[in-house]
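To start, the structure under review is shown below, and the notes come after it.
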Amino acid sequence: MLTITDLSVAFPASCVQALSEVSFFVAPGETVGIVGESGSGKSMTALAIAGLLPPVAKASGEIRFWGRRFVIGVSSDSDWRAIRGVELGVVFQDPSIGLNPLLSVGSQVSEVLRFHLRKSKLEAEKETVRLFNLLGLYPAKVRMRQFPHQLSGGMKQRVMLAAAICCRPRLLIADEPTTALDVSVQAQILCLLKELTAAADTALLLISHDLGVIAQLAERVLVLCAGQLVEEAAVAELFSRPAHPYTRFLLASVPRLDLPLALKVPAIEDNDQLLSGCGFASRCPERVSKCLSNPPLIRLSHGRKVRCHNRR
Amino acid sequence: MEAILALKGVVAVYPSGAQRIVKAVDGVSLTIYSRETFGLVGESGSGKTTLGKIITGLERPCRGSLYFNGKRVAPGMRREIQMVFQDSAAALNPRLTVANLVEEGLVIQKTGDRAERMQQVLKILADVGLDRMMLKRYPHQLSGGQRQRVALARTLVVLPSVIVLDEPVSALDVTASARLLLLLARLKEAYGLSYLLISHNLAVVLQVCERVAVMYLGKIVETGRVETVFNSPAHPYTRLLLDAYPHPDPQKKIPVIQLFEPENLPSTASGCRFHPRCSKASLRCRQQTPALAQKSERHFVACHRASE
Amino acid sequence: MVRRQGVELYLGISLIIFLTVFAVLSPLFANYDPHQTDAERWLQSPGKEHFFGTDRLGRDIYSRVVYGARVSLAVGILAMLLSITVGTALGALAGYFGGFADQLIMRLTDIVLVYPTMLLALTLVAIFEPAIWLVVLVIGGTGWPAVARLVRGEIMRLKNLEFAAAARMLGASHRRVLLVHLLPNALGQIVVAATVAVPAAIMTEAGLGYFGLGIQPPIPTWGNMLREAQNYIRHAWWYATFPGAAIFLTVFAFHLTGEGLRQRLDPKSQSGRERRAYDH
């Protein structure tokens, strides 16, 4: 359904290659997770798919979305606008950025319905009430008339979710949707995402640095490191048998309730990446001399890929 | 074990809306022992940050007393108690270099000449795992993890005995946060520190703390050794927080959690503050506020139904 | 888009130096005595003899513009220094300490703000003779409340940021928090206010001159030249154009310098802009 081919994003002004030749696909109704540290390029992937890359970025690649073809850097903003909001919903980390503080939250959701689906005012409001009830924004009629500052972070994120799914998109991109929220609210949002995507058969691209969040929802996981896809696997396999040392490093970093922190780090670590070669090489405990050249992405088995010279 | 810091019956209020006042901290007592890491968990609005600010002297309690090293002290700032903030970008003056930032405590105390001070800055930077190449950088040129290390180094130069860590890793990604947690444990040994770690992440608290207190709407609802509280939680709120934690394991899914917003809840003027969210709430829970009672050795719970 | 850092600053400073050199060495640049009238050649259009033409008394406009730079720039810069110093000091104290100090200082600014500049000038002129120092005092003395309000607001915002609290916790004195942590972060705003204050003071001087309260003719200032020219604007375009151009050039020079300084003083503007784009 969504196919991304050789997506590259660079910032020439600051000499940064944010993404290099990332290719993947998302099947209809599937939930795909993208993990990586900050700066790994996971947010850039989301922005690129939604056609929202900053103008200073130099990008290339091709995106096929449900039969439509977008060439990054060539397709115009109006091409993207045809799918954004209708077939493609986006939820970002900070819900307060996406909401206009001067409009009631209900009108911001019904506006989307009226604009994209050409619904009448009354129809749009009825649909908004239904969505607010579905997302647990009780009492919906009161909540609709409230303004963003009157809602908690979790509620604002649910309003954003309502705006993103109101047109029943085929794909929902959620970029760190729960990072700013409390654990209990995070659990609610994650449950909602799971229910909503299952009910409407919406595909979900879930982006997070937290493997705990990924483990809860994703069916298939892509691991990004320094702008490169380093591992791709089904969720169960990734967590039971991580193939890339970077994935193991990420897994060891997550604080767990059942095991002590397993990470081993040097006293002073340098975060500088090597100019060439594998993006994880400078920090990799299993580094060999070969790692100074960039390893190819190798297919291990069906749907499983890894980019490492030293694979087991 | 010797208590380094104690709070007794601390109350802090702030005005909210026209006539209402909110008790952000409502009669909290706790003791932190020397060289201990004490965790404070709860959702936003539980009063945990206000409590941290009272300890560091940034806010004044309207009732209650503070004890430091066994002596009763007036609330206020003191060199021995320092704080590391959640948002490292806001906590560092954007116009100062790392060298100036870390040096500041020494300049204020008028310690040594510039060369001596720089030597100490370099030593402390090495202790927090930062390279000397960082000296000339400005805060915005650092990553979140590096900024948090600079903030730590700044407090360490004045040789505090207690550091209040307010959500120190919640703005960092997993790898940076794991490294900071390991660093905190190492510094505690090297500098003989005690920490009060404020966090909403239970796994973070479990990894680094010895004892923990769970706060809900200004009150401590459960406290004890971390293993005891997390392995056999006695308060339904603690259980809810533990259930909600997303395990990095696809086999362990979060159970469906009821949607409740604190704002939706009816006024909780009487009874247990958690009763509107509690599935086991009885009539007694609605009428009578439970006191913190001992459940087992060094394990205290404020719940009427804890003993059932 | 890569923009060269500091181009504005260098251009602005060069222009200010250029104007200052003209002002200081005006006898070298002027080819006529600025007070020399010539009944035969009044209101002549620009030509070989008189680069910028002559005025209604036949005086050489070019020479008058050159000499006028002395007074206008001196008044502008001195008045700016006065209003910035007073305004920053009072605004910082009001914003930082709040409470009674804030009330007191803010009421004082209100009083000065509503007290008309002209009335103050009239009062002072009634007591003293019109002189440059008096004009500077009037303009600077009525200009500081705007600066004080700006600085107060900025300090109030900054003092609530965590870095101020963190410094207090390390034991920093109020003086240190203000001078090391808060004022340097307000510097960008102050510099912008300062560069706006210079041309504003030059214009106010012209306004005062209109009522005979400014620098008295025949001493040429850009302001009083403009005033004289307004009756001749239809017949002699050059009369108002050249002093006007001189004022415009000064405004432009200070604006560029202000903008350049603001960027230079902000540690984030060196390389931060693109970095933040992907650092989420």
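The values are calculated or read from the model by the stated rules, or taken from the named source; none is laboratory data. Keep in mind that this is a model prediction, so the values were computed, not measured. We place every Cβ from the backbone using ideal geometry, glycine too, and count neighbours over all the protein chains shown. Heads up: the accessible areas ignore ligands, DNA and RNA and are worked out on the full protein's heavy atoms, side chains in. Shrake-Rupley method; radii C 1.70, N 1.55, O 1.52, S 1.80 Å.
Annotations for the structure displayed:
- Inter-part distance where the range B:126-175 and the range C:17-88 are each reduced to a Cα centre, Å: 58 Å
- Magnitude of the charge dipole, the protein assembly as shown, Cβ model with Lys/Arg +1 and Asp/Glu -1, debye to 20: 1700 debye
- Each of A:CYS15, A:THR179, A:LEU137 was placed along the dipole of chain A (beta-carbon charges, centred on the mean Cα), and the one lying farthest toward the positive end is A:LEU137.
- Rh (Kirkwood; distinct C-alpha pairs) - the range A:15-104, Å: 14.8 Å
- Distance between the range A:284-312 and the range C:165-226 - C-alpha centres, whole angstrom: 63 Å
- 5 angstrom amide H check on C:GLY53, placed H, neighbours 5+ away: C:GLY47, C:ILE61, C:TYR62
- The range C:10-74: relative contact order in percent, alpha carbon pairs under 8 Å with at least 6 residues between: 35 percent
- Chain B - share of DSSP beta bridges that are antiparallel (%, nearest 5): 60 percent
- Each residue of the range C:243-254 is assigned a 3J(HN,Hα), and the resulting list reads x, x, 4, 5, 5, 4, 4, 5, 4, 4, 4, 5 Hz, derived from the Karplus form 6.51 cos²θ - 1.76 cosθ + 1.60 (θ = phi - 60°), x at Gly and Pro.
- Taking B:GLU189, C:GLU162 and ordering them by how much accessible surface each has at a 1.4 Å probe, largest first, produces B:GLU189, C:GLU162.
- Computed over chain A, the per-residue total of -39500 (n - 2.57) for DSSP H runs of n ≥ 4 gives a 222 nm mean residue ellipticity of -9500 deg cm²/dmol, rounded to 500.
- Under the Karplus curve 6.51 cos²θ - 1.76 cosθ + 1.60, θ = phi - 60°, whole-Hz ³J(HN,Hα) for the range A:280-295, x wherever Gly or Pro sits: 9, 4, 5, 10, 7, x, 10, 5, 10, 4, 4, 5, 6, 9, 6, x
- Taking the helices alone, chain B has a mean residue ellipticity at 222 nm of -9000 deg cm²/dmol, built from -39,500 (n - 2.57) per DSSP H run of at least 4 residues and averaged over all its residues.
- Listed residues B:ILE21, B:ILE124, B:ILE32, most fluctuating in chain B (Gaussian network, C-alpha, under 10 Å): B:ILE21
- Residue-wise HN-Hα couplings along the range A:68-82, as the Karplus relation 6.51 cos²θ - 1.76 cosθ + 1.60 with θ = phi - 60° gives them from phi, are 8, 10, 10, 9, 5, x, 10, 4, 8, 4, 5, 4, 5, 4, 5 Hz; Gly and Pro carry x.
- Neighbourhood net charge (11 Å Cβ-Cβ; Lys/Arg +1, Asp/Glu -1) for A:GLY73: 0
- For the pair the range A:19-35 and the range B:179-248, the centres of their Cα atoms are 35 angstrom apart.
- Shielding by other protein chains, B:238-248, mean Cβ within 10 Å: 6
- Here the mean projected area of the convex hull built on the C-alpha positions of the range A:2-311 is 17.2 nm².
- Residue mean of other protein chain beta carbons inside 10 Å, B:163-176: 4
- Amide H contacts of B:VAL22 (H built 1.01 Å from N, in plane; Pro and chain starts excluded): B:TYR14, B:SER16 sit under 5 Å, all sequence-distant by 5 or more or on other chains.
- For the segment B:86-94, counting C-beta atoms of other chains within 10 Å of every residue's C-beta and taking the mean gives 5.
- Listed residues A:PHE280, A:GLY39, A:ALA163: farthest to the positive end of the dipole of the range A:2-311 (Cβ charges): A:ALA163
- Chains B and A together bury roughly 4200 Å² of accessible area, counting both sides, with a 1.4 Å probe on protein heavy atoms only.
- Relative contact order computed over chain C (Cα-Cα under 8 Å; 6+ residues apart), in percent: 27 percent
- When all protein chains stay in place and ligands, DNA and RNA are ignored, the 1.4 Å accessible-area order of C:ILE16, A:ILE49, largest first, is C:ILE16, A:ILE49.
- DSSP beta bridge pairing in the protein assembly as shown, given as percent antiparallel to the nearest 5: 60 percent
- Amide proton proximity set for C:ILE215, modelled H, under 5 Å, gap of 5+: C:GLY209
- Residues A:ALA27 and B:LEU283, FRET efficiency given R0 of 51 Å [Cβ-Cβ distance, rounded to 0.05]: 0.45
- Rounded to 10°, Cα long-axis angle of helix C:99-114 versus longest principal axis of chain C: 20 degrees
- Axial C-alpha extent at least 24 Å, average Kyte-Doolittle at least 0.0 - helices from chain B (DSSP): B:174-191
- The Rg/Rh ratio for chain C is 1.07, where Rg is the radius of gyration of the alpha carbons and Rh is the Kirkwood radius.
- Sequence of B:ARG72, C:ARG262, C:ARG107 from largest to smallest accessible area, 1.4 Å probe: B:ARG72, C:ARG107, C:ARG262
- Summary value for chain B: 19 percent relative contact order, contacts being C-alpha pairs under 8 angstrom separated by 6+ residues.
- Calculated mean residue ellipticity, 222 nm, chain C: -23500 deg cm²/dmol, from DSSP H runs (n ≥ 4) at -39500 (n - 2.57) each, averaged per residue and rounded to 500.
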